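Comments concern the structure below.
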Amino acid sequence: MLKINPEVLKAVRENRPVVALESTIISHGMPYPKNVETALAVEKVIRDHGAIPATIGIINGDAIVGMTPEEIELFGKTKGILKASRRDLPVVYAKKLWAATTVATTMIIANQAGIKLFVTGGIGGVHRGAQETMDISADLQELAKTNVTVVCAGAKAILDLPLTLEYLETMGVPVLGYQTEELPAFYTAHSGLKVDYKLDNAHEAALTMHEKEINNLSGGILITNPIPEEYSMDKKVIDAAIDKAIEMMNEKGIKGKETTPFLLKTIAEITSGDSLESNIKLVLNNAAVGAEIIKEYCKLK
Ligand code: PSU
Ligand code: MN
């Protein structure tokens, strides 16, 4: 069952700006209590920019659209909350479980609730070594089919970025740079790879969403927004931390859905928390940009 909070429901019906947010970043992407502080701060940034936040998660088999601060606190604190991607949803609903939603499932539920834009930190993608492991995040397939625009800070170098771009191209997903021509690499603004197109401002982003919709082009749009220079990490430091974390992951034999949470946690440990601080700052920055884009989009309706 979809449980949409009344404020969010009213805003969607009245064509006022709503921004969806995911809960895997809370339960599996950051440690407590920074995860909860960040989730609440992101909601505040969205409100300060004149939009309404809707954090999405699954409680007792109900998809909650617009979690309360108390629910966010529970998602941040409770151990053993599942990480649910598309394949998990039927079972989570049938067994009435608690589950954090990934980019893929947040897109699915946002779409069902009529929310057009979703803000996060980073998306899943084609993992390094995917030629052997076939580890490709279900987020990419979801971007191919579900009509939600995702604002993120690019994809981090725990992934194979060139292969991730190839995959998105094959799936017909526009990969756009917010005021940049370069694909941002999450902890830094630079990957050395190009996005398909640069968006000059929020209005142009909104127009692109609108054109996709009126031309019945199904699927998502990926808007990549670089981390502000002052919060960006030193490329050498972060690259070394990522390589080390991947080495540790292989030694421990970590696979499948544990991969991304393990790497995030290990990179934060190796960098003594610096990567976590960058992660928080880039999500807040994405929230501001996402709110501006959805405000412009609502004006077009
Ligand atoms: N990237 C991040 N932080 C995150 C995630 C990705 O920088 O928290 C989470 C998102 O919820 C994303 C998921 O959808 O990890 C991808 O997991 P997987 O690779 O197992 O599909
Ligand atoms: Mn995976």
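Of the residues examined, residue 211 is not one that is over 25 Å from residue 107 (Cα atoms), loosely packed, with under 15 Cβ neighbours inside 10 Å and acidic (Asp, Glu). I'd like to know if region 174-181 contains one or more residues that are in a loop (DSSP other than H, G, I, E, B) and either at positive phi or touching a residue at least 60 places away in the same chain (Cβ under 8 Å) (or both). Yes, the conditions are met somewhere in region 174-181. The residue of region 223-241 that is surrounded by the most Cβ atoms within 10 Å (Cβ to Cβ), among those that are of a type in the set (S, T, N, Q) and assigned to a loop (DSSP other than H, G, I, E, B), is 225.
Condition check ((1) free of Cβ contacts under 8 Å to residues at least 40 places away in the same chain; (2) in a strand (DSSP E or B); (3) in contact with a His (Cβ under 7 Å, 6 or more places away or on another chain); (4) more than 13 Å from ligand 2 (Cβ to nearest atom)) across all residues:
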residue: 92; (1), (2), (3), (4): yes, no, no, yes
residue: 107; (1), (2), (3), (4): no, no, no, yes
residue: 111; (1), (2), (3), (4): yes, no, no, yes
residue: 121; (1), (2), (3), (4): no, no, no, yes
residue: 143; (1), (2), (3), (4): no, no, no, yes
residue: 150; (1), (2), (3), (4): no, yes, no, yes
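Would you call residue 129 surrounded by fewer than 20 Cβ atoms within 10 Å (Cβ to Cβ), at pLDDT below 95 and over 15 Å from the mean Cα position of the chain (by Cα)? It is true that residue 129 is surrounded by fewer than 20 Cβ atoms within 10 Å (Cβ to Cβ), at pLDDT below 95 and over 15 Å from the mean Cα position of the chain (by Cα). When residue 20 is tested against (1) under 21 Å from residue 140 (Cα atoms); (2) assigned to a loop (DSSP other than H, G, I, E, B), only condition (2) is not met. Would you call residue 260 within 20 Å of residue 107 (Cα to Cα), among the hydroxyl-bearing types (Ser, Thr, Tyr) and in contact with a strand residue (DSSP E or B) (Cβ under 6 Å, 6 or more places away or on another chain)? Considered against the rule, which asks whether it is within 20 Å of residue 107 (Cα to Cα), among the hydroxyl-bearing types (Ser, Thr, Tyr) and in contact with a strand residue (DSSP E or B) (Cβ under 6 Å, 6 or more places away or on another chain), residue 260 comes out as no.
Is there a residue being aromatic (Phe, Trp, Tyr) and in contact with a Lys or Arg (Cβ under 8 Å, 6 or more places away or on another chain) anywhere in region 184-191? Yes, there is a match, as at least one residue in region 184-191 is aromatic (Phe, Trp, Tyr) and in contact with a Lys or Arg (Cβ under 8 Å, 6 or more places away or on another chain). Would you check if there is a residue in region 149-159 being out of contact with any strand residue (DSSP E or B) (no Cβ under 7 Å at 6 or more places or on another chain) and either more than 24 Å from residue 101 (Cβ to Cβ) or away from ligand 1 (no atom under 16 Å from the Cβ) (or both)? Within region 149-159, not a single residue is out of contact with any strand residue (DSSP E or B) (no Cβ under 7 Å at 6 or more places or on another chain) and either more than 24 Å from residue 101 (Cβ to Cβ) or away from ligand 1 (no atom under 16 Å from the Cβ) (or both). Of the listed requirements (1) within 26 Å of residue 255 (Cβ to Cβ); (2) crowded, with 21+ Cβ neighbours inside 10 Å; (3) among the aromatic types (Phe, Trp, Tyr), residue 167 misses just one: (2). For residue 102, are the conditions met, namely being modelled with pLDDT of 95 or more and within 13 Å of ligand 1 (Cβ to nearest atom)? Yes: the conditions hold for residue 102. Return yes or no: is residue 74 out of contact with any Asp or Glu (no Cβ under 8 Å at 6 or more places or on another chain), under 28 Å from residue 175 (Cα atoms) and either part of a loop (DSSP other than H, G, I, E, B) or modelled with pLDDT of 95 or more (or both)? For residue 74, the condition - out of contact with any Asp or Glu (no Cβ under 8 Å at 6 or more places or on another chain), under 28 Å from residue 175 (Cα atoms) and either part of a loop (DSSP other than H, G, I, E, B) or modelled with pLDDT of 95 or more (or both) - is not met.
The values are calculated or read from the model by the stated rules, or taken from the named source; none is laboratory data. Here the structure is a predicted model, which is why all the values come from computation and not from measurement. We place every Cβ from the backbone using ideal geometry, glycine too, and count neighbours over all the protein chains shown.
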